[in-house]
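Heads up, the thing below is written out as structure tokens.
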Amino acid sequence: AFGRALAVAATHGFREVLDVGCGSGAFLDRAAKAGLRTAGLDLNPEGVAQCRARGHDVRQQTAADFFAVAPERRFDLVTSFEVMEHVPGPADFFASAAALVRPGGALVVSVPNDEGLPGWARLIPHQWPPHHLTLWRRSNLADLARRNRLEVVAIETDPLPWG
């Protein structure tokens, strides 16, 4: 997913990215190496501190809180990797992230695909609350995009490594 997001940025000439739920900054590090200005949001103070120590502009707040204090601020690319399945209000989370995309920009989101391997693994506790609160299918993401007036360009899945 990181590579796909960076390919979107390169294809469209994007210059800056906001990663919502950036954790300790693995994607932000790759984005910076690709020449993007990086910003992030995360609620974990340790992750925020790690990101800041490596030069990323990261704030300890939600996308909704960031939008409330900087309603005019928009980004070329907004990303969120493997976060929405963990939040109690994923539709609101998605809407908040979408609100931070500038016109002509892109939102890239990754979630476990319930139509793939996670859907076959219902007995694995990793799939149960409180770890994963929601299950995701391509149609769910397309519906969220439409509700937030976003054009769906692609919904892709990763193949299993063994074929």
key: Three-way shape call for the chain based on the alpha-carbon gyration tensor, with the a/c threshold at 1.5   = rounded
query = So how much slack lies between His12 and Arg37, counting 0.36 nm per residue of separation and subtracting their Cα-Cα distance, in nm?
reply = 7.5 nm
task = Please list, in chain and number order, the residues 5+ apart from Ser110 or on another chain whose amide H is under 5 Å from its amide H, with Hs placed from the backbone.
result = Ser80, Phe81, Glu82, Val83
message = At 1.4 Å probe size, with the rest of the protein present, what percent of the exposed accessible area of the chain is carbon and sulfur atoms?
response = 55 percent
note = Per the C-alpha gyration tensor (a ≥ b ≥ c, the square roots of its eigenvalues), the stretch 49-102 is rounded if a/c is under 1.5, else prolate if a/b beats b/c, else oblate; here it's oblate
query = For the chain, what does -39500 (n - 2.57) per DSSP helix run (n ≥ 4), summed and divided by total residues, give at 222 nm, in deg cm²/dmol to the nearest 500?
reply = -10000 deg cm²/dmol
task = Round to the nearest 0.05 the FRET efficiency obtained for Glu151 and Ala53 when R0 = 45 Å and r is the Cβ-Cβ distance.
result = 0.75
ask   = In percent, what relative contact order does the chain have, based on Cα pairs under 8 Å that are 6 or more apart in sequence?
value = 18 percent
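The values are calculated or read from the model by the stated rules, or taken from the named source; none is laboratory data. Model, not experiment: these values are computed from the prediction. FYI the Cβ positions are ideal-geometry reconstructions off the backbone, even for glycines, and counts take in every protein chain you see. In case anyone asks, the SASA skips ligands and DNA or RNA and just uses the protein heavy atoms, side chains included. Shrake-Rupley method; radii C 1.70, N 1.55, O 1.52, S 1.80 Å.
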